[in-house]
1. Could you tell me how many degrees, from 0 to 90 and to the nearest 10, lie between the Cα long axis of helix 22-36 and the main elongation axis, the longest principal axis, of the Cα atoms of the chain?
2. Please identify, among D102, D42, D86, the residue showing maximal mean-square fluctuation in a Gaussian network model of the chain using a 10 angstrom Cα cutoff.
3. Please identify which residues in segment 220-252 have an amide N closer than 14 Å to a label point set 7 Å out from the Cα of S46, following the Cα→Cβ vector.
4. If you keep only loop residues by DSSP, which trypsin sites (Lys or Arg not before Pro) in segment 173-243 have at most 10 other Cβ atoms within 10 Å of their Cβ?
5. For the ranges 64-77, 109-122, what's the packing order if you count other beta-carbon atoms within 10 Å of each residue, average per peptide, and put the highest first?
6. With n ≥ 4 as the cut-off for DSSP H runs, can you work out [θ] at 222 nm for the chain, using -39500 (n - 2.57) per run divided by the number of residues, rounded to the nearest 500?
7. Against the globular-protein guess of 2.2 N^0.38 Å, express the Cα radius of gyration of the chain as a ratio, rounded to two decimals.
8. Within the set K122/K143; K76/K143; K143/K201; K147/K167; K76/K122, which residue pairs have Cα atoms separated by over 18 Å?
Amino acid sequence: MRKSLLLFIIALFSTQSIALTEQERGLQIITEVDKRDTGFADSKASLNMRLIDRKGNESLRSLKIKTLEIIGDGDKSLTIFNSPRDIKGTAFLSFTHALVPDEQWLYLPALKRVKRISSSNKSGPFLGSEYAFEDLTSFEVAKFSYKYLRDEMVDDIACFVIELTPKYKHSGYTREVVWIDQLRYIVIKVDYYDRKKSLLKSQTFKGYKQYLNQYWRAGEQLMTNHQNGKSTELLWDDYQFGMELTNRDFDKNTLKRAR
C-alpha cells in the first residue's frame with residue numbers, strides 16, 4: 001500500500017514538473033509553425049489587391065512579389081505594382097530582421113526617388129490599403145512573446161489560439177490573437193489590437209495549397225478594419241519556388257529599375 005502511494009506521488013510530481021506553462025506552450029506551437037515553413041529558399045508570386053471602402057466601392061491593383069529566405073535572420077522581399085497606371089512601377093523593398101529594426105524602402109515613380117520607411121512609421125498604412133508596413137515583413141519568432149490561450153474551432157478546423165505580444169519598438173499593436181490549424185500548423189485567422197487595446201483589424205487566410213510537398217500558401221487573405229469599415233483582399237496566384245534568387249535581386253540601389 002505504501003509503495004503504491006509512493007509511486008502515485010512520484011508520478012504526480014513528475015507530471016507537474018513537465019507540464020508546460022501557457023507561455024511555454026505558446027512558444028512551442030509557434031516554433032513548430034516556423035519550423036515547418038523553413039527551407040523554401042526563395043519564391044515568386046503574382047497577386048491582385050482589392051481595396052474596399054466602407055460603402056462597398058472597390059479598386060483593384062495588380063502586383064508581383066519575390067522573396068528570398070535568409071536563414072538566421074528575416075527574409076527579404078520585393079513587391080512591384082503593375083497597375084493601375086497611377087501607381088505602376090511603385091516598388092517596395094523589405095529586409096526583415098529578428099532582433100534589430102526592419103529595413104524598408106519605397107520607390108515612388110511620380111517622385112522618382114526612393115523613400116526609406118522609418119521604423120517609427122511602420123504602423124502606417126501601406127499605399128492606402130488596410131495593411132500596415134509592419135504587416136508586410138516575414139514572421140520571426142524572436143520578435144514576439146507568446147501565450148497559449150485555448151483550443152477553438154474555426155470553420156470546422158481545430159485550432160490552437162495563442163497570443164502574440166510584440167517585443168520590437170514602434171508596433172501599432174499591443175497584441176495579436178492568432179488561430180493556428182492544429183494539423184497543418186498554418187495560420188487561419190489573426191485579430192490585431194491597437195495601442196488602446198481595442199480590436200482594430202482581423203485577417204483571415206483561405207484557399208491554402210501545398211508546394212514542394214511541405215510549404216502551405218494561402219490563395220486568399222482578407223484584412224478587415226473594424227474601426228473604419230474598410231477592407232483589403234489579396235488574391236495570390238502563380239507561386240514559383242527554386243528561382244535561384246540572390247541578394248543582388250534585392251539591392252536597394254537598383255530599386256528604381258525593378259521590374
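Bear in mind these aren't lab numbers, they're just calculated from the coordinates by the rules spelled out. No experiment lies behind these values; they were computed from the predicted model shown. Every residue, glycine among them, receives a Cβ derived from its backbone with ideal geometry; neighbour counts consider all protein chains shown.
1. For 22-36 against the chain, the angle is about 50 degrees.
2. Among D102, D42, D86, the largest mean-square fluctuation in the Gaussian network model of the chain belongs to D86.
3. 235-240
4. Values: sites: R175, R184, K189, R195, K196, K197, K201, K206, K209, R217, K230; in loops: R184, R195, K196, K197, K230.
Here the trypsin sites (Lys or Arg not before Pro) that fit, given the DSSP loop and packing criteria, are K196, K197.
5. Details: 64-77: 17.2, 109-122: 13.1.
Going from most to least packed, we get 64-77, 109-122.
6. Numbers: 2 runs with 32 residues, N = 259.
Result for the chain: -4000 deg cm²/dmol, rounded to the nearest 500.
7. On the way: Rg = 20.9 Å, N = 259, 2.2 N^0.38 = 18.2 Å.
After normalising by residue count via 2.2 N^0.38 Å, the value is 1.15.
8. Working: K122/K143 14 Å; K76/K143 16 Å; K143/K201 20 Å; K147/K167 13 Å; K76/K122 16 Å.
Result: K143/K201 exceed 18 Å.
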